[in-house]
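Q: Take this structure, written in C-alpha coordinates, and hold onto it; I'll ask about it next.
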Amino acid sequence: MFDEITTTLKRFIDLFRQGTTLPWTILLPLVLLVVAWPLLRIALDDERATFMAAFVLAMGLRLALRSDGTIRAARAQMSRRATVILALVFGPGIMAALIWIGQPLWCQRFLSLYFLIMAALYVLDVIDGKHMMVRFFLPAERNHGADPLMTRVMAIYQMALLLLNETLIAQTSLTVWLVYFGLLPMLSQRVVLALVRTVDEAYTKGYGRL
(Lines give C-alpha, C1' and ligand atoms only; values in the text may rest on other atoms or scores of the structure.)
Protein backbone atom coordinates (compact mmCIF):
# COMPACT_ATOMS: atom_id res chain seq x y z
CA MET A 1 0.00 0.00 0.00
CA PHE A 2 2.83 2.38 0.92
CA ASP A 3 4.61 1.59 -2.36
CA GLU A 4 1.42 2.39 -4.29
CA ILE A 5 1.06 5.74 -2.52
CA THR A 6 4.74 6.58 -3.13
CA THR A 7 4.44 5.66 -6.81
CA THR A 8 1.31 7.79 -7.17
CA LEU A 9 3.00 10.79 -5.54
CA LYS A 10 6.04 10.44 -7.79
CA ARG A 11 3.78 10.22 -10.82
CA PHE A 12 1.89 13.33 -9.68
CA ILE A 13 5.16 15.28 -9.34
CA ASP A 14 6.22 14.16 -12.83
CA LEU A 15 2.90 15.24 -14.29
CA PHE A 16 3.13 18.59 -12.48
CA ARG A 17 6.55 19.20 -13.98
CA GLN A 18 5.55 18.10 -17.48
CA GLY A 19 2.08 19.57 -17.74
CA THR A 20 0.86 21.29 -20.84
CA THR A 21 1.76 24.71 -22.10
CA LEU A 22 -0.38 27.22 -20.24
CA PRO A 23 -1.59 30.43 -21.93
CA TRP A 24 0.82 33.33 -21.44
CA THR A 25 -2.07 35.50 -20.23
CA ILE A 26 -2.17 33.51 -17.00
CA LEU A 27 0.98 35.34 -15.89
CA LEU A 28 -0.42 38.81 -16.51
CA PRO A 29 -1.73 39.34 -12.94
CA LEU A 30 1.72 38.54 -11.55
CA VAL A 31 3.44 40.83 -14.08
CA LEU A 32 0.98 43.60 -13.20
CA LEU A 33 1.71 43.19 -9.49
CA VAL A 34 5.48 43.19 -9.99
CA VAL A 35 5.28 46.41 -12.02
CA ALA A 36 2.55 48.17 -10.06
CA TRP A 37 3.64 47.45 -6.47
CA PRO A 38 6.88 49.53 -6.37
CA LEU A 39 5.30 52.37 -8.36
CA LEU A 40 2.22 52.47 -6.12
CA ARG A 41 4.40 52.20 -3.02
CA ILE A 42 6.24 55.36 -4.04
CA ALA A 43 3.11 57.21 -5.12
CA LEU A 44 0.91 56.34 -2.13
CA ASP A 45 3.58 56.02 0.60
CA ASP A 46 1.27 53.77 2.61
CA GLU A 47 1.49 49.97 2.62
CA ARG A 48 -2.22 49.38 3.19
CA ALA A 49 -3.29 51.76 0.43
CA THR A 50 -0.67 50.26 -1.89
CA PHE A 51 -1.93 46.75 -1.16
CA MET A 52 -5.55 47.73 -1.83
CA ALA A 53 -4.68 49.42 -5.14
CA ALA A 54 -2.47 46.54 -6.32
CA PHE A 55 -5.00 43.91 -5.24
CA VAL A 56 -7.88 45.66 -7.00
CA LEU A 57 -5.84 45.95 -10.21
CA ALA A 58 -4.77 42.29 -10.15
CA MET A 59 -8.22 41.03 -9.16
CA GLY A 60 -9.88 43.11 -11.86
CA LEU A 61 -7.46 41.72 -14.45
CA ARG A 62 -8.11 38.14 -13.29
CA LEU A 63 -11.86 38.64 -13.53
CA ALA A 64 -11.51 40.18 -16.99
CA LEU A 65 -9.36 37.31 -18.25
CA ARG A 66 -11.78 34.68 -16.95
CA SER A 67 -15.01 36.50 -17.71
CA ASP A 68 -15.58 35.21 -21.25
CA GLY A 69 -15.16 31.51 -20.44
CA THR A 70 -17.03 31.76 -17.14
CA ILE A 71 -19.99 33.59 -18.70
CA ARG A 72 -20.16 31.09 -21.57
CA ALA A 73 -20.15 28.16 -19.13
CA ALA A 74 -22.76 29.80 -16.89
CA ARG A 75 -24.93 30.71 -19.90
CA ALA A 76 -25.04 27.04 -20.87
CA GLN A 77 -26.46 26.18 -17.43
CA MET A 78 -28.85 29.07 -16.72
CA SER A 79 -30.87 31.86 -18.28
CA ARG A 80 -29.35 35.05 -19.68
CA ARG A 81 -30.84 37.18 -16.89
CA ALA A 82 -29.49 34.89 -14.18
CA THR A 83 -26.08 34.90 -15.88
CA VAL A 84 -25.98 38.70 -15.98
CA ILE A 85 -26.99 38.98 -12.32
CA LEU A 86 -24.42 36.39 -11.29
CA ALA A 87 -21.67 38.11 -13.29
CA LEU A 88 -22.46 41.52 -11.78
CA VAL A 89 -22.67 40.24 -8.20
CA PHE A 90 -19.51 38.13 -8.29
CA GLY A 91 -17.55 40.60 -10.41
CA PRO A 92 -18.05 44.36 -9.91
CA GLY A 93 -20.24 43.75 -6.85
CA ILE A 94 -17.55 41.98 -4.81
CA MET A 95 -14.85 44.35 -6.02
CA ALA A 96 -16.92 47.37 -4.96
CA ALA A 97 -17.54 45.83 -1.52
CA LEU A 98 -13.84 45.15 -0.93
CA ILE A 99 -12.88 48.67 -2.04
CA TRP A 100 -15.54 50.18 0.22
CA ILE A 101 -14.30 48.19 3.23
CA GLY A 102 -10.71 49.10 2.41
CA GLN A 103 -9.05 46.51 4.65
CA PRO A 104 -6.27 44.24 3.29
CA LEU A 105 -7.29 41.43 5.66
CA TRP A 106 -10.76 41.32 4.11
CA CYS A 107 -9.19 40.91 0.66
CA GLN A 108 -7.02 38.07 1.94
CA ARG A 109 -9.89 36.42 3.78
CA PHE A 110 -12.10 36.76 0.71
CA LEU A 111 -9.80 34.27 -0.99
CA SER A 112 -10.18 31.93 2.00
CA LEU A 113 -13.95 32.30 1.80
CA TYR A 114 -13.83 31.39 -1.89
CA PHE A 115 -11.84 28.22 -1.16
CA LEU A 116 -14.22 27.32 1.69
CA ILE A 117 -17.29 27.71 -0.54
CA MET A 118 -15.67 25.67 -3.31
CA ALA A 119 -14.73 22.91 -0.85
CA ALA A 120 -18.29 22.85 0.51
CA LEU A 121 -19.73 22.61 -3.01
CA TYR A 122 -17.44 19.70 -3.84
CA VAL A 123 -18.44 17.98 -0.59
CA LEU A 124 -22.12 18.44 -1.47
CA ASP A 125 -21.30 17.00 -4.89
CA VAL A 126 -19.84 13.95 -3.18
CA ILE A 127 -23.01 13.56 -1.12
CA ASP A 128 -25.52 13.89 -3.97
CA GLY A 129 -23.37 11.90 -6.38
CA LYS A 130 -24.05 14.11 -9.42
CA HIS A 131 -20.45 15.39 -9.77
CA MET A 132 -21.59 18.60 -11.42
CA MET A 133 -18.65 20.60 -10.09
CA VAL A 134 -15.92 18.57 -11.80
CA ARG A 135 -17.93 18.55 -15.02
CA PHE A 136 -18.32 22.33 -14.89
CA PHE A 137 -14.86 23.43 -13.74
CA LEU A 138 -12.45 20.74 -14.91
CA PRO A 139 -11.26 19.92 -18.45
CA ALA A 140 -13.72 17.86 -20.47
CA GLU A 141 -10.98 15.60 -21.89
CA ARG A 142 -10.64 13.24 -18.94
CA ASN A 143 -11.97 9.89 -17.76
CA HIS A 144 -15.49 10.68 -16.56
CA GLY A 145 -15.68 7.33 -14.83
CA ALA A 146 -13.23 8.81 -12.33
CA ASP A 147 -15.55 11.71 -11.47
CA PRO A 148 -16.51 10.33 -8.01
CA LEU A 149 -12.84 10.07 -7.03
CA MET A 150 -11.98 13.38 -8.69
CA THR A 151 -14.73 15.15 -6.72
CA ARG A 152 -13.26 13.92 -3.43
CA VAL A 153 -9.76 14.93 -4.50
CA MET A 154 -10.93 18.43 -5.44
CA ALA A 155 -12.70 18.86 -2.10
CA ILE A 156 -9.45 18.04 -0.31
CA TYR A 157 -7.48 20.29 -2.67
CA GLN A 158 -9.75 23.28 -1.96
CA MET A 159 -9.36 22.74 1.78
CA ALA A 160 -5.57 22.58 1.33
CA LEU A 161 -5.68 25.93 -0.50
CA LEU A 162 -7.74 27.37 2.34
CA LEU A 163 -5.20 26.24 4.93
CA LEU A 164 -2.30 27.53 2.81
CA ASN A 165 -3.93 30.93 2.43
CA GLU A 166 -4.61 31.25 6.14
CA THR A 167 -1.03 30.25 6.91
CA LEU A 168 0.33 32.89 4.54
CA ILE A 169 -1.96 35.52 6.06
CA ALA A 170 -0.67 34.72 9.54
CA GLN A 171 3.02 34.26 8.72
CA THR A 172 3.94 36.52 5.80
CA SER A 173 3.85 40.17 4.80
CA LEU A 174 1.34 41.80 2.47
CA THR A 175 3.99 41.88 -0.27
CA VAL A 176 4.65 38.12 -0.09
CA TRP A 177 0.91 37.41 -0.06
CA LEU A 178 0.43 39.52 -3.20
CA VAL A 179 3.16 37.54 -4.98
CA TYR A 180 1.34 34.34 -3.98
CA PHE A 181 -1.92 35.82 -5.25
CA GLY A 182 -0.29 36.63 -8.57
CA LEU A 183 1.22 33.15 -8.90
CA LEU A 184 -1.93 31.33 -7.81
CA PRO A 185 -3.66 31.06 -11.24
CA MET A 186 -0.61 29.41 -12.83
CA LEU A 187 0.13 27.14 -9.87
CA SER A 188 -3.51 26.16 -9.46
CA GLN A 189 -3.96 25.23 -13.12
CA ARG A 190 -0.76 23.21 -13.13
CA VAL A 191 -1.72 21.34 -9.95
CA VAL A 192 -5.28 20.66 -11.13
CA LEU A 193 -4.05 19.29 -14.47
CA ALA A 194 -1.63 17.01 -12.64
CA LEU A 195 -4.39 15.89 -10.26
CA VAL A 196 -6.72 15.09 -13.15
CA ARG A 197 -4.08 12.96 -14.86
CA THR A 198 -3.10 11.23 -11.63
CA VAL A 199 -6.71 10.40 -10.77
CA ASP A 200 -7.41 9.19 -14.31
CA GLU A 201 -4.36 6.94 -14.18
CA ALA A 202 -5.28 5.62 -10.72
CA TYR A 203 -8.83 4.90 -11.88
CA THR A 204 -7.58 3.11 -15.00
CA LYS A 205 -5.41 0.87 -12.81
CA GLY A 206 -8.41 0.08 -10.62
CA TYR A 207 -7.70 2.29 -7.62
CA GLY A 208 -10.56 4.31 -6.20
CA ARG A 209 -13.32 2.57 -8.15
CA LEU A 210 -16.65 3.01 -6.40
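Q: Treat each spin label as a single point 7 Å out from the Cα along the C-beta direction, and report the Leu39 to Asn143 distance in nm.
A: Spacing of the two 7 Å Cα→Cβ label points: 4.8 nm.
Q: Also: Under a plain spin-label model, where a point goes 7 Å from the Cα along Cα-to-Cβ, how far apart in nm are Leu124 and Val56?
A: Between Leu124 and Val56, the simple spin-label model gives 3.2 nm.
Q: Now for a separate question. Apply the Karplus parameterisation 6.51 cos²θ - 1.76 cosθ + 1.60, with θ equal to phi minus 60°, to every residue of the range 159-173 and state each ³J(HN,Hα) to the nearest whole Hz, in sequence, with x for glycine and proline.
A: Once θ is set to phi - 60°, the couplings for the range 159-173 become 5, 5, 5, 4, 5, 4, 5, 5, 5, 5, 4, 6, 10, 10, 7 Hz.
Q: Between Val31 and Ala49, what is the label-to-label distance in nm when each label sits 7 Å out along the Cα-to-Cβ direction?
A: 2.9 nm
Q: In what sequence, largest accessible area first, do Glu141, Glu166 appear using a 1.4 Å probe?
A: Ranked from most to least accessible, the order is Glu141, Glu166.
The values are calculated or read from the model by the stated rules, or taken from the named source; none is laboratory data. Remember, it's a predicted structure, so these values are computed and weren't measured experimentally. Counting neighbours? That spans all protein chains shown, and the Cβs are built from the backbone with ideal geometry, glycine included. These accessible areas exclude ligands, DNA and RNA; they are computed on the full protein's heavy atoms, side chains included. Shrake-Rupley method; radii C 1.70, N 1.55, O 1.52, S 1.80 Å.
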